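The values are calculated or read from the model by the stated rules, or taken from the named source; none is laboratory data. Everything quoted here is computed from the prediction, not taken from an experiment. Here the Cβ positions follow ideal geometry from the backbone for every residue, glycine too, while neighbour counts run over all protein chains shown.
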Amino acid sequence: PDYADAHSNLGVTLQELGRSKDAEASYRKAIALKPDYADAHSNLGVTLQELGKLEDALVQYKKSFELVRGKNPVDPQHKSFRLISKAKMKHDIEQFEYLAASGYESEKFQALVNVYKAVSSEINWPTNDAEIIPLTDKYQKLLMDTYNRSIHVLEAPELPGPTLSNTLDIEKITENYFKHDFGLTYFDNFLTPVALDSIRHFLLGSTIWFDFFHKGGYMGAYLKDGMACPLFLQIAEEMRTTFPKIFKNHPLKQLWAYKYDSRAYKNDSPLTGINAHADYAAINVNFWVTPKAANLNSLSGGLVVYNTEAPLEWDPNTFNNDTEKILEHLEDNNDEKSNIPYNENRIVLFNSNLIHETDKFEFKEGYENRRINVTMLFGERGT
C-alpha cells in the first residue's frame, strides 16, 4: 500500500506539471497495487478527462464513487457519514418523499422517510439549520448504509441528437460575450426540452447531494462524487464546438450542481445562496434547471456578476472564501455589476475571474421547487 501512495502522489505532481500521460501511468500503477484506492481512481479520471478520453474518465469516476459511497465504503468513518445539519436532514427527507411519490421503490423510500423523520424528531437541533453537528453512534446505526450513500442514482445517458437548442443565434451570442469588458453574456432556451428534462430528473432523483458543508446551508453535488454521467460531458463538448471563439481549446475542468433551500429569502434566515467569489478556471458556464413557475420573483433569483476581476496573484482560497477581502476589493474598484434574473433553461457564460454571487431568491416551498444551478468550469485561470 505504501508504494501505491507513492505512485499516486507522483501522479498528482506530474498532473500539476501538465504531464498528463505520465500522471496516467503513475495512477494506473497505484491502482494495480491497491485496486480499492478511491483517490487514485478519481485523479485518474481527471487526468483521462484532460487527455480527452471522456468515456474512460467516466469509468474511473464511477469506480471511485462506488468505493466511497457504495455498499462497502473503503472509509466507513468518512466525515460526511458522521456529520449532519437540519437543512441536510430536511433535504434528504424531501428527496425520499419525492422518490416514493414518483414510483421509485416506493416502499423502500417511504420506510426511509419514516426512519429519518423519527431520527430528526429526536435530535436536539441548533437554531441555525445550516449548523453542522455530529451524528451520534445511535443515529448512525439507524441511518446506517443510506445516509450520504449512492442508494439511488439515475442514468443520464448521452442523447442521440444535439443537447443544445437549435434556435441559438451563435454569432450574436459570441458577439455579446466579447462586447463585455471582460467577457459575459446570457441567453434563454439553452438546452433542448429532452436534455433539460433528463438533467432535471437526474438531479432530483439521484442521492448525490453529499456536500452540506457550506454555511449557507445549500447542498452540492460534484463530478467526482456522483455527477459523472455522459449527458453532462456531451453538453460540455457541444458548448466547446458550438462556441469555439469563446471556449478556444479550453477543456472541461470541473462540474457541479447546487440545490438551495427555498426559505433562504427570509431576512433572518441563515440559509443563503453563494457569497461573492471567483472561480479557478478560464470560462464559467452557469445554467438553471428548476421550472420557472417555482420562482416567485421574476426580477431576481439568478446571478450577480461584478465588472471586477479577482487579482491573478490571489490564491484560490482568497478568491473563493475570503469574503471580506473580496468585498474590500469591490469597493476599491468598479462596483458596477450585471444582475441576471433567474429563468428556467437560462445560461450565463462569463470569464471565471469575474467576481460573482447568487442573487437574492424567493422560490416556492417544496422539493421540486428548490432552485438548482449547474456550473461547468473550462480551462485554466488566466489563459
Single match in Ile133, Ile84, Ile170 (criterion: more than 30 Å from Phe247 (Cα to Cα), of a type outside the set (Asp, Glu) and surrounded by fewer than 19 Cβ atoms within 10 Å (Cβ to Cβ)): Ile133
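Mind checking whether some residue in the range 184-197 is acidic (Asp, Glu), closer than 20 Å to Leu233 by Cα and without any contact (Cβ under 8 Å) to a residue 40 or more places away in the chain?
Within the range 184-197, the subset acidic (Asp, Glu) is 188, 197.
Still in the running and closer than 20 Å to Leu233 by Cα: 197.
If we keep only those that are without any contact (Cβ under 8 Å) to a residue 40 or more places away in the chain as well, we get 197.
Within the range 184-197, one or more residues are acidic (Asp, Glu), closer than 20 Å to Leu233 by Cα and without any contact (Cβ under 8 Å) to a residue 40 or more places away in the chain.
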Hits in the range 76-102 (condition: modelled with pLDDT of 95 or more, farther than 20 Å from Glu131 by Cα and not in a helix (DSSP H, G or I)): Ser102
Subset of the range 92-147 [among the β-branched types (Val, Ile, Thr), closer than 18 Å to Trp209 by Cβ and without any contact (Cβ under 8 Å) to a residue 24 or more places away in the chain]: Val113
Failed condition for Arg82, given (1) farther than 20 Å from Cys229 by Cα; (2) out of contact with any strand residue (DSSP E or B) (no Cβ under 9 Å at 6 or more places or on another chain): (2)
Failed item, numbered, when Leu142 is tested on (1) more than 18 Å from Gln95 (Cβ to Cβ); (2) in a helix (DSSP H, G or I); (3) outside the structural domain of Ser338 (by TED's automatic domain parsing): (1)
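Take the range 129-180 and flag every residue that is of a type outside the set (A, V, I, L, M, F, W, C) and in contact with a Pro (Cβ under 7 Å, 6 or more places away or on another chain). Walk me through how you get there before you give the answer.
Of the range 129-180, the ones of a type outside the set (A, V, I, L, M, F, W, C) are 129, 131, 134, 136-141, 145-150, 152, 155, 157-158, 160-163, 165-167, 169, 171-172, 174-177, 179-180.
Correct list: Asp129, Pro157, Glu158.
Quick test for you: out of Tyr27, Tyr104, pick the one residue that is of a type outside the set (D, E, K, R) and surrounded by fewer than 16 Cβ atoms within 10 Å (Cβ to Cβ).
Numbers: Tyr27 fails: surrounded by fewer than 16 Cβ atoms within 10 Å (Cβ to Cβ).
Just one listed residue meets the conditions, Tyr104.
Would you point out which residue out of Asn176, Asn249 is modelled with pLDDT of 95 or more and either in the same structural domain as Gly52 (by TED's automatic domain parsing) or surrounded by fewer than 21 Cβ atoms within 10 Å (Cβ to Cβ) (or both)?
Numbers: Asn249 fails: modelled with pLDDT of 95 or more.
Checking each option against the conditions leaves just Asn176.
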Only one of Phe212, Phe190, Phe202 that is more than 16 Å from the chain's Cα centre (by Cα) and in the same structural domain as Glu344 (by TED's automatic domain parsing): Phe190
Single unsatisfied condition, Asn148 versus (1) within 30 Å of Lys71 (Cα to Cα); (2) not in a loop (DSSP other than H, G, I, E, B): (2)
Residues that are in contact with a Leu (Cβ under 9 Å, 6 or more places away or on another chain), in a helix (DSSP H, G or I) and surrounded by fewer than 20 Cβ atoms within 10 Å (Cβ to Cβ), drawn from the range 55-75: Glu55, Asp56, Leu58, Val59
